[in-house]
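Asker: Dumping the structure here so I can ask a few things about it.
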Amino acid sequence: MSIDPAIVLADMIEAARRAGALTIEHFHRRETLKIGVKGPGDFVSIADEQSETLIRDHLLTRYPDWSLSGEEFPPVEGKDDTYRFLVDPIDGTTNFLWGLDYTITIALRRAGETICGLVYNPVTDEMFTAVKGQGAYLNGKRLEMRDSVDVSQMVVGTGLPTPNLSMHPGAYARLDAIRAPIGAVRVLGSAANCCAYVACGRFTGYFEQTGFVDTAAGILLVEEAGGVVTDWWGRGPELFEKSGLLIVANPGTHRFLLNQLSSVERAD
């Protein structure tokens, strides 16, 4: 079956906005939410679960034969395994629980390739969208990042894992390898939002190990805005989609990060 990704993206946007309205209601009374713990530093609330349920029901009502993988519930396996939605109903749950910006992210995969996606920040009402081959946009305005910037002006996003959260060794060694010569390191607490910030030029780059459901849409945003996405050793999606070891950046920052990060150690 041939589909127009732009039409599906419109349905994804509607689902994200509805989920945004739902989660903002919880956000404004977050002190009353019951919090669950999935693992060290990994929280979940009823807002996460209701958001994913809303998005899942909205999209699978319109595309009942397709599949969907989310963060909170087991995957839905449809009759047509060509198409799969990837949904993170709240990327940055800790942020959400403490009154900081969070995002909702949805991507559509076709035969293992991301063909459209969005990152929505309900707090700021910023909707980042992309269709493969058709550019990246913020609230309808096309995004085009700069090719490069002086090293001293680079602003790089990352995460700061505690020892029990660091899935790959050397996280702090890598941070130390980049922090001295650049302008700033920033931690947003949402991988999807970090990718969106790279796409719109608020960050010049971002690196972390994180889940692919969180970043699939953000990766497409960066690529469609003119950026580069690899793992920490310059390798492609066949590896970073599995490992979650990402560099997303404008071309100049990517070269810098690749050189600095790959010098620390190499993955098996």
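Asker: When you look at Thr114, is it of a type outside the set (Phe, Trp, Tyr), farther than 24 Å from Ala10 by Cβ and touching a residue at least 40 places away in the same chain (Cβ under 8 Å), yes or no?
Answerer: Details: of a type outside the set (Phe, Trp, Tyr): yes; farther than 24 Å from Ala10 by Cβ: no; touching a residue at least 40 places away in the same chain (Cβ under 8 Å): yes.
No.
Asker: Among residues belonging to segment 189-204 that are surrounded by fewer than 24 Cβ atoms within 10 Å (Cβ to Cβ) and in a loop (DSSP other than H, G, I, E, B), point out the one that is modelled with the lowest pLDDT.
Answerer: Gly189
Asker: Please go through segment 59-81 and give me each residue that is surrounded by 15 or more Cβ atoms within 10 Å (Cβ to Cβ), over 11 Å from Asp48 (Cβ atoms) and touching a residue at least 40 places away in the same chain (Cβ under 8 Å), ordered by number.
Answerer: Leu59, Tyr63, Ser69
Asker: Another question, if that's okay. Test Val222 against the stated conditions and say whether it is out of contact with any helix residue (DSSP H, G or I) (no Cβ under 9 Å at 6 or more places or on another chain), β-branched (Val, Ile, Thr) and assigned to a helix (DSSP H, G or I).
Answerer: Details: out of contact with any helix residue (DSSP H, G or I) (no Cβ under 9 Å at 6 or more places or on another chain): no; β-branched (Val, Ile, Thr): yes; assigned to a helix (DSSP H, G or I): yes.
Considered against the rule, which asks whether it is out of contact with any helix residue (DSSP H, G or I) (no Cβ under 9 Å at 6 or more places or on another chain), β-branched (Val, Ile, Thr) and assigned to a helix (DSSP H, G or I), Val222 comes out as no.
Asker: Is at least one residue of segment 152-164 at pLDDT below 95, in contact with a Ser or Thr (Cβ under 6 Å, 6 or more places away or on another chain) and closer than 18 Å to Tyr206 by Cβ?
Answerer: no
Asker: A follow-up question, please. Filter segment 119-150 for residues that are of a type in the set (Gly, Ala, Ser) and at pLDDT below 95 and give the result.
Answerer: Once the filter is applied, which keeps residues that are of a type in the set (Gly, Ala, Ser) and at pLDDT below 95, segment 119-150 yields only Ser148.
Asker: Quick check on my filter: what residues within segment 242-263 are surrounded by fewer than 18 Cβ atoms within 10 Å (Cβ to Cβ) and modelled with pLDDT of 95 or more?
Answerer: Residues satisfying the conditions are Pro251, Arg255.
Asker: State which residue pairs qualify: first residue assigned by TED's automatic domain parsing to the domain that holds Tyr83 and inside segment 1-14, second residue surrounded by 12 or more Cβ atoms within 10 Å (Cβ to Cβ) and assigned to a helix (DSSP H, G or I) in any location, beta carbons under 6 Å apart, and separation of 6 or more residues or different chains.
Answerer: If the second residue must be surrounded by 12 or more Cβ atoms within 10 Å (Cβ to Cβ) and assigned to a helix (DSSP H, G or I), the pairs left are Asp11/Arg62.
The values are calculated or read from the model by the stated rules, or taken from the named source; none is laboratory data. These figures come from a predicted structure and were not determined experimentally. Every residue, glycine among them, receives a Cβ derived from its backbone with ideal geometry; neighbour counts consider all protein chains shown.
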